[in-house]
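Student: Provided herewith is a single structure, encoded as C-alpha cells, for subsequent inquiry.
Please treat every number below as a calculation from the coordinates, not as lab data. In this text, all values refer to a predicted model and were calculated from it rather than measured experimentally. In this analysis, Cβ positions are derived from the backbone assuming ideal geometry, glycine residues included, and neighbour counts consider all displayed protein chains.
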Amino acid sequence: MKVCQIMAGDEEGGLENHFVELCNGLVDRVDELAVIAHSKYGERFRPEIRFLPLDLSGRRRNPWLLYRLATLIRQEAPDIIHAQASKAVDMLARIRAFVPGYRIGTLHGRKKNLGMFARMQTVIGVSRGVVEALVHPDIRVVYNGIRPYSGQLYDRNELAEQFGLKPGLSVTLAVGRLAPVKAFDNLVKAWDPSLGYLLIVGDGPERGALKALIEARKLQGNVILAGFRDDVRALMSAADLLVFSSHREGFSYVLAESLLSRLPVLSTAVPGAKEVLPADYLVAINDVPALSQVLKRVLADPEAARRDLSAVFDWAQEALTIDRMLADTLAIYHDVLQNRKGA
C-alpha cells in the first residue's frame, strides 16, 4: 500500500502535531509513504518518508499551486491520498479528476463550509462532534493519539517558584493560542480571586486585549499570561484543573494530554469535550456566569473532580494513544481499498 499525506498551511498547533505524529507512525505500517507539506516541516519526518516540499499556504484556488500539487501526486501514483483539514481537502477536491488514488479527508474542527468533503470518498473526523453536520456516505472517527510522556514533571513548589505563586491556592491552567475562538476573555470575566491562580499558556493576537482586561478587573495577582511554553505536560502535573472556554474545538491535543495526565477538565460544550466529559463538567458556550459558577464548584474540591473523572482518565489510557490512532487509521485504509477491489 502506498499512501500520500497532504497538509496545507505553515502554522504551528494541534493539526501540525497530529500530521507529523501520524506520518512518522504510519511509515512502519505501509509499504511506502509520501508527504506533501511546507518545507519548514521537513526535518520533523523520519528519513524513511519521502518528503515532497510544497508551500500550499497561498490561495487554495491558485492554478499554479493546484498544478504543482497534481503533478506531485501523479508522480507518486498512491493507492490512497489522505488530505488533512479543510484547505488541503479543498485543494485535493479541485484536482480530483486529474490524480490517481482513493481520496480521504480528515476534518479537524467544525466548519461552516463542508462542500469540499463531499468530494472525498471517505471522511475521517477527529471527534463525532466535528462531523455531526456533515452528510456523507462514509464517515469514520479517529481520535487524536498522544505519545506516552516521559519528560519532566513539576510539583506545586516548583510551579510556585517559577511563577511567584503563594502556597495553598488552587492553580488552574488554560492552554491555547490567544485568539478570539478560544474565548479567553470569557474566562477572565468569569475569574474571581477566590478561585486562586489562573495560568493562561500561549501567545497570539489577543494578548494585549487580555492584558488590558486583566488589569481592568484588577486580577493581575491571580491571572498570569504565561506566554508560549514547551513544558505544558510538566505544568499539568502540578495543576488542579484545566479549563477550556472555547467557541469551537475539534478534539484538542491539550484535552488529550490533560486526560492522560489525569488532570480534571472543565470545558464549554464543544466537540471532543462534549463526547467524553460528564455533563457536570460542561458549560454552555459564551455563558460567563455559568462558567464562573462551575469553576467555584469544581475548585472547591479538586480531589472530588479527580474521582468524578477517573473513568474518563481510564478510557483515555486506551483510546487516546498514538498506537490506537495509527491502528484505527490503518484499518480504514485497508477497509476502503478492500471494498474498492470488491466493488
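Student: Using alpha-carbon positions, what is the distance between the centroids of the range 10-62 and the range 205-280, in Å?
Tutor: Taking the Cα centre of the range 205-280 as reference, the centre of the range 10-62 is 28 Å away.
Student: Tell me, what HN-Hα J-couplings in whole Hz come from the Karplus equation 6.51 cos²θ - 1.76 cosθ + 1.60 at θ = phi - 60° for each residue of the range 137-145, using x for Gly and Pro?
Tutor: x, 9, 10, 10, 10, 10, 6, 4, x
Student: Right, here's the next one. Which of I139, L66, L159 sits farthest toward the positive end of the charge dipole of the chain, with +1 on the Cβ of Lys and Arg and -1 on the Cβ of Asp and Glu?
Tutor: My answer, from the dipole projection, is L66.
Student: Could I ask something else about it? For the range 216-294, what does the alpha-carbon gyration tensor say about shape, rounded, prolate or oblate, given a ≥ b ≥ c as the root eigenvalues, a/c under 1.5 as rounded, and a/b over b/c as prolate? Provide the component values of the computation, followed by the final result.
Tutor: On the way: a/c = 1.72, a/b = 1.06, b/c = 1.62.
Cα axes put the range 216-294 in the oblate bin.
Student: Can you tell me the orientation of helix 322-342 relative to the chain, as the angle in degrees between its alpha-carbon axis and the longest Cα principal axis, to the nearest 10?
Tutor: 30
Student: Considering the dipole of the chain built from charges on the beta carbon (Lys and Arg +1, Asp and Glu -1) around the Cα centre, which of L26, I200, Q84 is farthest to its positive end?
Tutor: Q84
Student: Quick one, which of [x] 30, 24, 21; [y] 46, 23, 16; [z] 39, 20, 19 is the actual semi-axes √(5λ) of the Cα gyration tensor in Å calculated for this model?
Tutor: [z]
Student: How would the range 1-79 be classified by its alpha-carbon gyration tensor: rounded, prolate or oblate, with rounded meaning a/c under 1.5 and the a/b versus b/c comparison settling the rest?
Tutor: On the way: a/c = 2.18, a/b = 1.21, b/c = 1.81.
Oblate, because a/c is 1.5 or more while a/b does not exceed b/c.
Student: Determine the shape class of the range 52-119: with a ≥ b ≥ c the square roots of the Cα gyration tensor eigenvalues, call it rounded for a/c under 1.5, and otherwise prolate if a/b is greater than b/c, oblate otherwise.
Tutor: Values: a/c = 1.79, a/b = 1.29, b/c = 1.38.
Oblate is the answer for the range 52-119, as a/c is 1.5 or above yet b/c matches or exceeds a/b.
Student: Excluding same-chain residues fewer than 8 positions from K2, which lysines have a Cα within less than 26 Å of its Cα?
Tutor: Cα-Cα hits under 26 Å: K40, K87, K341.
Student: Further, regarding this structure: Are any of the pairs K111/K218; K166/K274; K111/K189; K111/K166; K182/K218 more than 31 Å apart by Cα-Cα distance, and if so, which? If you can, show how the numbers build up before the last one.
Tutor: Working: K111/K218 36 Å; K166/K274 34 Å; K111/K189 27 Å; K111/K166 42 Å; K182/K218 22 Å.
Too far apart for the 31 Å limit: K111/K218; K166/K274; K111/K166.
Student: OK, next. Springs between alpha-carbon pairs under 10 angstrom, Gaussian network model over the chain: which of A85, A256, A327 fluctuates most?
Tutor: Sorting by GNM fluctuation, first place goes to A327.
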